[in-house]
Structure formats: structure tokens, C-alpha cells
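Every read-out reported here was derived from the displayed coordinates using simple, explicitly stated rules and does not represent laboratory data. All values reported here derive from a predicted model rather than from experimental measurement. Glycine also receives a Cβ, built like all others from the backbone with ideal geometry; neighbour counts cover every protein chain displayed.
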Amino acid sequence: MNRDSQGFRISVSDEMRRAFDPYAHAVTVINEAHRLIHDGYFFDCSGIVASVANGASSDILLKLPAGTFGHLTFMEYSVGDSPCDVFFYEGTTVSADGTAANVRNHNRSASDTSNTGIYTGPTVTDVGTLLHTRHIPGAAAPGQSAGTMVAGEDAEWVLGNATSATNYMWRITNNSGGAIKLSFHMNGYEIGYES
């Protein structure tokens, strides 16, 4: 017998019973993210970087153990000034992880913790393979102003490897001409249902 994130026993027949409204006998549907939050598998990570010098970068390291498959559904930066460039790498090598980031479960009654370690300020020795880039235009660009954001992807990234640990890194490089303050926010899930 399997248990859900709050420790309640679940079975296939129980899951089928929960799929229907008990009064209208209609199928009840919520989206996948909503269900993952209820089941305690959806996580959030956020933070503020007080100052990034012009020409410097701020890095966020994601460390996935072998067999962990993280689903990154959203990544966002908010910057005090721009332009800035954003890069996403796979297979990053570090000599030090940095500082553990603030990672929280969206279901505050669930005891599950993320298998993915997330760190700010790692010591990077090799960035790895570039997967994705974004440009945050300067404040002078039409429709742009200080506080420009770069938002998440239009589809999730499935991260990880069945046989070996894998590192990923988000890097934002400040090209604004002066020091900037920035914040970051990402979320996603790790499916942990028992078979």
C-alpha cells in the first residue's frame, strides 16, 4: 500500500474514487502542477543578490543526484538595471558548491524535501554545455525600464540522468555599466510516486 505526502494510505481504487465528485458523479480535474502541489512534490527557490558588478556574473547551481529527474517549470530574474545576458548550462563542474539557496515545498504540510541541491555563488571551473540563452535589453529599449524581468520558458526542462549525478547552472551577466541588484525565482517538481 502506498502513502501520499501526508502519510495517508492510497490505493488504485482510492485514486479512482477520488477522481469523481461524490455528489455530481462528474470527473474532477485539476492541472498537473496543482496536483503535484497537493501531493507535496512541487518546490520553489528564490533569492536576492545585493550587488553584481558591471561585467560580473551571478551563478545558481542545481545539483541532481543520479536517478533524480527534476522538472524545471519556471525561471525568472528581476534586475535593477540592464542590459543583462542569461545562460543555462548542463554538466557544469565546480570546485565548491557555494551557499545553499532557499528551497521550499509549495505544500506546507508535506514533509518531502527536494533531492536537488540548489546553491548560489558556486566556484565554477567549467560551465559545461550551453542549453539556452536570453537577453534582457537595456532600459532605453522601447517598452523597457529598470526592473526588467526575463520570465520562464514556454515548456519545462526535464533535468537529470539515471546513472550519474548532473549539475546545471543558471548564470546572469550584468552589462548595464554599473552595479545592479537582482532577484531570482524558479520552481518545479520531482515526481516521487511509488509504483
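Of TRP157, TRP170, how do they rank once you tally other Cβ atoms within 10 Å and put the fewest first?
In increasing order of surrounding Cβ atoms, one gets TRP157, TRP170.
Taking the Cα-to-Cβ direction at ASP112 and at LEU130 and moving 7 Å from each Cα, how far apart do the two end points lie in nm?
Output for this residue pair reads 3.5 nm.
Kirkwood Rh over alpha-carbon pairs of the range 39-123, then Stokes-Einstein at 25 °C and 0.890 mPa s: what D in µm² s⁻¹, rounded to an integer?
167 µm²/s
Once amide H atoms are built 1.01 Å from N in the peptide plane, which residues 5 or more positions from SER176, or in another chain, come under 5 Å H to H?
GLY55
What's the exposure ranking of GLU15, GLU156, going from fewest to most Cβ atoms within 10 Å?
By the 10 Å Cβ count, ascending: GLU15, GLU156.
If R0 is 30 Å, what FRET efficiency do you get for SER164 and GLU15 from their C-beta distance, rounded to 0.05?
0.35
Over what distance in Å are the Cα centres of the range 72-95 and the range 111-128 separated?
That distance is 13 Å.
So how far apart, in nm, are the two label points at ILE48 and ILE30 if each is 7 Å from Cα heading toward Cβ?
Label-label distance for ILE48 and ILE30, simple model: 3.1 nm.
For the residues LEU130, LEU72, LEU61, what sequence is obtained by ranking on other C-beta atoms within 10 Å, fewest first?
Listing LEU130, LEU72, LEU61 from fewest to most nearby Cβ atoms yields LEU130, LEU72, LEU61.
Taking only the alpha carbons of the range 44-190, what extent do you get along each of the three principal axes, in Å, biggest first?
Principal-axis extents of the range 44-190 (Cα, largest first): 46, 36, 26 Å.
In sequence order, what are the phi-derived ³J(HN,Hα) couplings for the range 96-109 according to the Karplus relation 6.51 cos²θ - 1.76 cosθ + 1.60 with θ = phi - 60°, rounded to whole Hz, with x for glycine and proline?
Each residue's phi maps through the Karplus curve to give 8, 5, x, 9, 4, 7, 7, 10, 9, 6, 5, 9, 6, 9 Hz.
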